[in-house]
1. Looking at Val70, Val124, which is the one that is more than 28 Å from Leu22 (Cα to Cα) and surrounded by 13 or more Cβ atoms within 10 Å (Cβ to Cβ)?
2. Say whether the condition of being over 17 Å from Glu115 (Cβ atoms), of a type in the set (Asp, Glu) and out of contact with any Cys (no Cβ under 7 Å at 6 or more places or on another chain) is met by at least one residue in the stretch 5-26.
3. Within the set of pairs 6 or more residues apart or between chains, which connect a residue that is touching a residue at least 60 places away in the same chain (Cβ under 8 Å) and within 16 Å of Leu64 (Cα to Cα) inside the stretch 111-129 to a residue that is among the charged types (D, E, K, R) and surrounded by 15 or more Cβ atoms within 10 Å (Cβ to Cβ) with Cβ atoms less than 8 Å apart?
4. Inside the stretch 1-108, counting only helices (runs of 4 or more DSSP H) that do not spill past its ends, which hold 2 or more residues that are within 15 Å of the chain's Cα centre (by Cα) and in contact (Cβ under 8 Å) with a residue 60 or more places away in the chain?
5. Can you name the condition, by its number, that Glu106 falls short on among (1) farther than 26 Å from Trp4 by Cβ; (2) touching a Ser or Thr at 6+ places or on another chain (Cβ under 6 Å); (3) not hydrophobic (A, V, I, L, M, F, W, C)?
6. Against the conditions (1) among the basic types (Lys, Arg); (2) under 22 Å from Leu127 (Cα atoms); (3) at pLDDT below 95, where does Lys44 fall short? Just the number, please.
7. So which of Glu79, Glu118, Glu107 is at pLDDT 95 or above and either touching a His at 6+ places or on another chain (Cβ under 6 Å) or crowded, with 16+ Cβ neighbours inside 10 Å (or both)?
Amino acid sequence: MEKWKQLLLRAKNDLITAKKGLIEPKTLDTSAYHCQQCAEKAMKAYLNYKYIDTEDRRLRTHNLLMLLKVCISQNSGFEKLKKACGILNPNDTLYRYFNSYQVMPEEDEIIELIELAEEIYNFVVELVE
């Protein structure tokens with residue numbers, strides 16, 4: 001299977017996992033992480049689809065805004081995902097580690113993150129179909 005297809009499948013699995021976090025017993029912190037991962041893998045899938053190697057040192061990142069810039073250089077339609085990427089971006093580490101100042105996310109926040117991740121995922125799927 002081509003690398004971009006593998007990445008897109010893993011992005012879909014991250015989205016599924018994020019949604020499962022809303023089911024009792026809820027794992028909202030884990031859902032936040034998987035939303036960010038879904039967006040990251042979907043954008044990396046698109047870049048690999050466009051023959052841009054995401055293993056390149058410059059693109060070996062979890063920073064959605066950095067990945068978004070490269071995606072925009074290939075397709076200006078990605079511009080509409082700036083807000084989504086900005087909101088999702090910190091969730092790669094925000095809840096993964098204990099911080100005395102960081103509380104668990106609220107369910108409505110996770111629902112929003114899932115919607116944003118799904119928007120990015122669906123946008124990429126439409127481009128590669």
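1. Just one listed residue meets the conditions, Val70.
2. The answer is yes, given that some residue of the stretch 5-26 is over 17 Å from Glu115 (Cβ atoms), of a type in the set (Asp, Glu) and out of contact with any Cys (no Cβ under 7 Å at 6 or more places or on another chain).
3. Ile114/Lys19; Ala117/Asp14; Tyr121/Lys12
4. Passing ranges, in order: 3-20, 28-49.
5. So the condition that Glu106 fails would be (2).
6. For Lys44, the exception is condition (3).
7. Testing whether each residue is at pLDDT 95 or above and either touching a His at 6+ places or on another chain (Cβ under 6 Å) or crowded, with 16+ Cβ neighbours inside 10 Å (or both) leaves just Glu118.
The values are calculated or read from the model by the stated rules, or taken from the named source; none is laboratory data. Bear in mind that the values here come from a model prediction, so they are computed numbers and not experimental data. Reconstructed Cβ throughout: ideal geometry from the backbone, glycine too, with neighbour counts over all protein chains shown.
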